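Structure, as structure tokens:
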Amino acid sequence: MKLEDQLIVLAHTAYCAKFYIAFRGSLEKLIELIAYSIGEAAPDADQISVFIRKEETQRTLEVTYETALWRSADRTQSWRLICLAVTADPEVAKRLLAKRPPSPDCCAYCLQDERGVMEALKPELDIYNNPIPGVMLHRQCSRPWGLMRDLVARAKS
Ligand SMILES: [Zn+2]
């Protein structure tokens, strides 16, 4: 895929993440959403597929586009697309941090259920590296969660 097309796919993948907040589904569906978002200029589904399955692309999305994309280890091997952009409002962050997921099998940040896939979530650690009860997170989701913690802590001081 041309660099220009790569940048378009990256930007629209990030846009889809923002729009859907936390997507879970098949690779085909995900490609369809990205292609639909791009419109007429969208590269072929096969090309998008090869590009977004690359580890390097997923790293770029996470580091540069505040977007997490990965294939889960669950029964259906579903794909996840999560927006990692956090609010700048400490009050909103406080509310989000206080909200507890419907079950301890869910990620506290993106709320996706990982029942049966124990290794998908890790407990949040406090500053002494002790697990915080009830707060389980995907690796990808722990950074925005930490940023919200920092935001609220800074607003208090
Ligand atoms: Zn998550």
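Listed values, structure above:
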read-out	value
Every pair of residues 6+ apart whose Cβ atoms lie under 6 Å, when the first sits in region 103-126 and is closer than 15 Å to Arg80 by Cα while the second is more than 12 Å from the ligand (Cβ to nearest atom)	Val117/Ala73; Val117/Asp74
Residue check, Arg75 of a type in the set (Lys, Arg), loosely packed, with under 13 Cβ neighbours inside 10 Å and either within 11 Å of Val152 (Cα to Cα) or touching a residue at least 24 places away in the same chain (Cβ under 8 Å) (or both)	yes
Filter result for Thr13 (touching a helix residue (DSSP H, G or I) at 6+ places or on another chain (Cβ under 7 Å), within 18 Å of Gln112 (Cβ to Cβ) and of a type in the set (Val, Ile, Thr))	yes
Residue count, region 92-122 (criterion: assigned to a helix (DSSP H, G or I) and either within 15 Å of the ligand (Cβ to nearest atom) or of a type in the set (A, V, I, L, M, F, W, C) (or both))	8
Residues that are surrounded by 14 or more Cβ atoms within 10 Å (Cβ to Cβ) and not in a helix (DSSP H, G or I), drawn from region 123-142	Pro123, Glu124, Leu125, Val135, Met136, Leu137, His138
Flag for Ala108 being touching a helix residue (DSSP H, G or I) at 6+ places or on another chain (Cβ under 7 Å) and either assigned by TED's automatic domain parsing to the domain that holds Ala68 or crowded, with 18+ Cβ neighbours inside 10 Å (or both)	yes
When residues of region 142-155 are limited to those that are in contact with a helix residue (DSSP H, G or I) (Cβ under 8 Å, 6 or more places away or on another chain) and free of Cβ contacts under 8 Å to residues at least 60 places away in the same chain, the one nearest to the ligand (Cβ to nearest atom)	Trp145
Lone qualifier among Leu30, Leu3 - being touching a Ser or Thr at 6+ places or on another chain (Cβ under 9 Å) and of a type outside the set (Phe, Trp, Tyr)	Leu30
Every residue from region 22-51 that is surrounded by fewer than 17 Cβ atoms within 10 Å (Cβ to Cβ), touching a residue at least 24 places away in the same chain (Cβ under 8 Å) and outside any helix (DSSP H, G or I)	Ala22, Gly25, Ser26
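Table: residues versus (1) at pLDDT 95 or above; (2) outside the structural domain of Tyr20 (by TED's automatic domain parsing); (3) within 20 Å of Ala22 (Cα to Cα).
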position: Ala45; (1), (2), (3): yes, no, no
position: Glu62; (1), (2), (3): yes, no, yes
position: Arg75; (1), (2), (3): no, no, yes
position: Ser78; (1), (2), (3): no, no, yes
position: Asp113; (1), (2), (3): no, yes, yes
position: Asp126; (1), (2), (3): no, yes, no
position: Ile132; (1), (2), (3): no, yes, no
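Let's see how each residue does on (1) under 30 Å from Leu3 (Cα atoms); (2) of a type in the set (Lys, Arg); (3) within 15 Å of the ligand (Cβ to nearest atom):
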position: Pro43; (1), (2), (3): yes, no, no
position: Glu55; (1), (2), (3): yes, no, no
position: Gln77; (1), (2), (3): yes, no, no
position: Asp89; (1), (2), (3): no, no, no
position: Gln140; (1), (2), (3): yes, no, yes
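The values are calculated or read from the model by the stated rules, or taken from the named source; none is laboratory data. Quick caveat: nothing in here was measured; it's all calculated off a predicted structure. Here Cβ is always computed from backbone atoms with ideal geometry, including for glycine, and neighbour counts include all displayed protein chains.
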